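Structure first, then comments.
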Amino acid sequence: VIVTAAPGLYEVTFGFFTKRKPQVQLLVNGEPVLSAVNSSSYAVHHSSGRLAAVGPHSAGNVTGLTLVDFLALPPKAKVGITYQGEEGGEGFLGLRKM
């Protein structure tokens, strides 16, 4: 969880790299605001955006599940992430005040 000091606009980024397709939720103050599912059909986004898959790469899962979005956060917002996927995956969460 990352706690913001000031309200305002923030850029949020995350990425997860695993052999199997993960499920990720972005939370603000414990409530989900975005869900991403790396499937062969789409990634579900809070604004109904969809990302199409193009098929497997010969080197394995080189792109992972990544996202860049923007949030209008209240003061002292707690930004967190939930991850459902295999153990041993790698990931990151970034937050930047605009």
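Bear in mind that the values in this text are calculations on the coordinates, not laboratory data. Here the structure is a predicted model, which is why all the values come from computation and not from measurement.
See the values below:
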{"quantity": "Per-residue ³J(HN,Hα) for the stretch 22-31, Karplus 6.51 cos²θ - 1.76 cosθ + 1.60, θ = phi - 60°, Hz, x for Gly and Pro", "calculated": "x, 10, 10, 10, 9, 10, 10, 6, x, 10"}
{"quantity": "Under 20 Å from Lys78, Cα to Cα: lysines that are on another chain or at least 8 residues apart", "calculated": "Lys97"}
{"quantity": "The stretch 66-77 - phi-based ³J(HN,Hα) in whole Hz, Karplus 6.51/-1.76/1.60, Gly and Pro as x", "calculated": "10, 7, 10, 8, 10, 10, 9, 9, x, x, 6, 5"}
{"quantity": "Other-chain or far-sequence residues with amide H under 5 Å of Leu34's (modelled H)", "calculated": "Leu26"}
